[in-house]
Amino acid sequence: MLRRKAAASEGKQPAPKPTYPMASLRLEQLPQYIQSILSELPPGSVILQSDTAAFQQAVDANWAQQNREIVPACIVRPRDAQQLGKTVKILKQEYDSRCRHHTGISPTPGFFAVRSGGLNPGLGAATVQGGVVIDLSLICEVTPSDDKTTVTVGTGAKWIDVYKALEEKGLAVMGGRSSPAGVGGLTLQGGISFYSPRFGFVCSNVERYEVVLADGNIVTASASEHSDLWRVLKGGGNNFGIVTRFTLRSLPLAPLWFGQMFALATFQQTRAMMAYHDYVKHASSGEPYAFDENAAGPILSFVQVRGIPLHIISLQLAYTKVPADQQWPAHWKKTKFTSLWFLRRNCSVRSHISAVEQNGSTAPPGTRHMQGTTTILNDVDTMQTAYEIFCKTTTAMRQVKGLLFPFTFQAILPQWMNKGYPNVLGLENCTEPLIIIGCSVTWAEAKDDEFVRTTIRRLLEEIDTAAAARQKGHPYKFMNYCMEFQRPYDGCGEENGRVLREASRKYDPDGLFQHGCAGGFKLS
């Protein structure tokens, strides 16, 4: 709704016309490693700049406009792990050659990138100028096991397509809450689901991985096979290989209660923030019935839309066990959220797919976008200070055309943060609730790119400084919301850091994915 209003007030800006510097090159003029990939893979598996329409369509698979403007040399679309393995083996040979001739501190600048869903708006998150983009979108099958206890999902699938494929079989899986989100990136970096209060992070519910390693070989990682790799893939990103398939725990499909409410912040900002703080404090208190594993959220957002002088409050609540009367669940009725006055309420029982589609409807592709995150403890004064910094920031950004800026509070409760299989997120010793602060900014014009990015980075730094002064900060960073300039592995803890580095040296001893692969968050 908010994005539609912003679009109506600003008008849609045409995307700049792309330029393809390598479009006129003959086959023999292409870099040797690209020629090798072309010779190894079936026809149609490699899209060159000379195939303008197909190349543009493949580039536009990146959700954020600024990443669509980064032009790779070619896009490789393997259909299975075997084809991907051949590609990686050629890239490794090219990497070794570059390392032999490189004299800098880093072995070689990244020359290839891996794209699963392409949703992350981090600059160069899944693309690389003049290099090779490995597009995994054709590895997208959804296959339940015979006993329906697990589902194997291709890394290039979108979560909404996974849910639709499973609906007819009466199944669901832990996965993303927004329809544009892809399987690979969300799962490897952590991931929060509507079912996280019951089962934990998405990454902690993966039974098995199919992985292409740096030498092109294909291995299976599970609790009984390559168990060290299995562990570090639960939050370790793309640092060890390319995951082609995830085998996830399944659960019976069921509708859920989903509520989205909107208000003006003028008179309710303080009340909304206090209601949020009190809820998180009570839910994590350990008191009987305070925590409910069916209660997803709450997600509290303060939204700045250019042209509207007031911030809009958005509150999202969900409950994964539908009440008998299909009205507000008793758990949410007991909270102070019910005392807030909302301009609009959209609360109903709906399918999992419908809730995910509603979340995704506010995220149109092809916009200029960035995000960023930090983490604080559940301290109302620190939350209030963070909001004041947000207000100061939106005032400074008032001339940015097409501005839409949700500033979000989202809780991770100690009762669920370590459910499921062990991960490397660094929360195993955390005993108090955490608040993820998320920034998600959309704007219209390229001339504002650097200003927006610098301003949001400064906002996060100011929040971190204020939280540290109160001793209310926390080193954990929710990787799914991080931008490329952030260092989420700094917050994973010393022991997890050691485990991650050891696995990297074992499975990628020459550092192909640390140095040759652009995008993602690196251990070094």
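Read-outs: derived from the displayed coordinates by stated rules, not from any lab. Values in this document were obtained by computation on a predicted structure and should not be read as measured data. So basically every Cβ, Gly included, is an ideal-geometry build from the backbone, and we count neighbours across all protein chains shown.
Tabulated results
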| item | result |
| --- | --- |
| Charge dipole of the chain about the Cα centre (unit charges at C-beta), most positive-ward option of GLN260, TYR33, ASN496 | GLN260 |
| Separation of alpha-carbon centers, the range 160-174 and the range 214-266, rounded to whole Å | 16 |
| Ranked PHE240, PHE267, criterion: other C-beta atoms within 10 Å, fewest first | PHE267, PHE240 |
| Inter-label distance for ALA54 and SER145, nm, one decimal - labels placed 7 Å from Cα along Cα-to-Cβ | 3.8 |
| Sequence of CYS492, CYS99, CYS482 once ranked by neighbouring C-beta atoms within 10 Å, starting from the fewest | CYS99, CYS482, CYS492 |
| Protection proxy ranking, peptides 174-180, 82-88, average beta carbon neighbours within 10 Å, highest first | 174-180, 82-88 |
| Angle in degrees between helix 449-469 and the longest Cα principal axis of the chain, rounded to the nearest 10 | 60 |
| Shape of the range 151-209, Cα gyration tensor, a/c cut at 1.5 | rounded |
| Net charge, ARG245 excluded, C-beta distance under 13 Å - Lys, Arg +1, Asp, Glu -1 | -2 |
| Antiparallel %, DSSP beta bridges [both residues in the chain], to 5 | 90 |
| Principal-axis tilt of helix 494-507 within the chain, Cα atoms, nearest 10 degrees | 20 |
| For the range 18-135: rounded, prolate or oblate by the Cα gyration tensor [a/c cutoff 1.5] | rounded |
| Pairs of alpha carbons in the range 113-159 whose separation is greater than 18 Å (percent) | 42 |
| 23 Å Cα-Cα reach of LYS506 towards lysines, excluding residues that sit fewer than 8 places from it in its own chain | LYS86, LYS89, LYS92, LYS234, LYS522 |
| Antiparallel content of DSSP bridges confined to the range 18-135, in %, to 5 | 30 |
| Descending semi-axes in whole angstrom, ellipsoid equivalent of the chain, from the Cα gyration tensor | 37, 27, 22 |
| Between 0 and 90°, nearest 10: helix 81-100 axis offset from the chain longest Cα axis | 70 |
| Extension reserve of the GLU445-THR395 stretch, reckoned as 0.36 nm per residue once the Cα distance is removed | 16.2 nm |
| Using a Förster distance of 35 Å, the FRET efficiency for GLU167-ASP80 (Cβ separation, nearest 0.05) | 0.85 |
| For the range 18-135: relative contact order, % (alpha-carbon pairs under 8 angstrom, 6 or more apart) | 30 |
| Over the range 106-229: Rg over Rh, Cα atoms, Kirkwood Rh | 0.98 |
| Sites ASP96 and LEU310, calculated FRET efficiency, Cβ-Cβ separation with R0 60 Å, nearest 0.05 | 0.55 |
| Ranked ASP51, ASP147, ASP490, ASP508, criterion: other C-beta atoms within 10 Å, fewest first | ASP147, ASP490, ASP51, ASP508 |
| Proximal charge balance of LEU459 [Cβ under 13 Å; K/R count +1, D/E count -1] | 0 |
| Formal net charge of residues neighbouring ILE376 (Cβ-Cβ distance under 10 Å; K, R +1; D, E -1) | 0 |
| The range 210-288 - Rg over Rh from alpha carbon coordinates, Kirkwood radius | 1.24 |
| Quotient of Cα Rg and 2.2 N^0.38 Å for the range 319-410, N being how many residues it contains | 1.41 |
